[in-house]
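Participant: Got a structure for you, written out below as structure tokens; questions coming shortly.
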Ligand SMILES: Nc1nc2c(ncn2[C@@H]2O[C@H](COP(=O)(O)OP(=O)(O)OP(=O)(O)O)[C@@H](O)[C@H]2O)c(=O)[nH]1
Ligand SMILES: [Mg+2]
């Protein structure tokens, strides 16, 4: 997998041209979005921090995997602790328009903290995305920080969210499954899709 940093945009008005299939990465501040980017790409491309709300910019990364290119859009983390009814209010109108109108987004990845699986703000985000998602788009939930759970807690979470994936950026667990799932969603099932 080759990764190229393309751009940090302070606002969505400065987004890159929509020339490739895109994945939009969403998650609450501190959920481990930057860490996930690093473990997913196996490169130190994003800054990890213990202060929530670090990533304020919209970062565009070009990924080349098995000869196929796509763009990963790393969106600013939303409402740390704060519960917001309206994502428009939380993120601003421009980001809302971007998510709704960007035709080349094929996949929304929603990162959730395995220790806090049922936060209202995360449920709101799912509801929000589903309210406008097109037929050619998918939503993938990935729980982070599973190293913080006991085996039994993880088993329960998997039972509750059978379609989700589960990772530890710290222990590099579940990353291969994420790569396989993404390539299946973007390019379809393929016998040659070896991770
Ligand atoms: N135990 C554990 N800690 C993690 C994991 N992923 C991230 N962290 C920690 O969680 C904190 C936040 O990680 P970041 O990757 O910076 O989170 P972020 O979502 O990018 O945060 P902001 O950009 O500030 O919104 C850091 O202290 C990370 O080391 C994980 O899988 N397991
Ligand atoms: Mg970050």
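Participant: Looking only at the range 119-137, count every residue that is part of a loop (DSSP other than H, G, I, E, B) and farther than 21 Å from residue 169 by Cβ and tell me the total.
Facilitator: Summing the residues that are part of a loop (DSSP other than H, G, I, E, B) and farther than 21 Å from residue 169 by Cβ in the range 119-137 gives 7.
Participant: Within the range 11-29, is even one residue farther than 21 Å from residue 70 by Cα, within 9 Å of ligand 2 (Cβ to nearest atom) and either modelled with pLDDT under 95 or surrounded by fewer than 19 Cβ atoms within 10 Å (Cβ to Cβ) (or both)?
Facilitator: Checking the range 11-29: at least one residue is farther than 21 Å from residue 70 by Cα, within 9 Å of ligand 2 (Cβ to nearest atom) and either modelled with pLDDT under 95 or surrounded by fewer than 19 Cβ atoms within 10 Å (Cβ to Cβ) (or both).
Participant: Follow-up question, since we're still on this one. Being within 18 Å of the chain's Cα centre (by Cα) and either in contact (Cβ under 8 Å) with a residue 24 or more places away in the chain or within 10 Å of ligand 1 (Cβ to nearest atom) (or both) is true for just one of 154, 170. Which residue is that?
Facilitator: 170
Participant: Condition check: away from ligand 2 (no atom under 14 Å from the Cβ) and modelled with pLDDT under 90. Does residue 85 satisfy that?
Facilitator: Yes, satisfied.
Participant: Moving on to the next point. Name, by its number, the condition in (1) closer than 16 Å to residue 179 by Cα; (2) surrounded by fewer than 19 Cβ atoms within 10 Å (Cβ to Cβ); (3) in contact with a helix residue (DSSP H, G or I) (Cβ under 6 Å, 6 or more places away or on another chain) that does not hold for residue 39.
Facilitator: (2) is the only condition that residue 39 fails.
Participant: What is the number of the single condition among (1) surrounded by 16 or more Cβ atoms within 10 Å (Cβ to Cβ); (2) within 16 Å of ligand 2 (Cβ to nearest atom); (3) at pLDDT below 95 that residue 98 does not meet?
Facilitator: (2)
Participant: Further question on the same structure: Select from the range 42-51 the residues that are more than 9 Å from ligand 2 (Cβ to nearest atom) and surrounded by fewer than 17 Cβ atoms within 10 Å (Cβ to Cβ) and write down the one among them that is modelled with the lowest pLDDT.
Facilitator: The qualifying residue modelled with the lowest pLDDT is 51.
The values are calculated or read from the model by the stated rules, or taken from the named source; none is laboratory data. The structure presented is a predicted model; accordingly, all values stated were derived computationally and were not measured. Don't worry about glycine lacking a Cβ; one is built from the backbone with ideal geometry, like all the others, and counts go over all protein chains shown.
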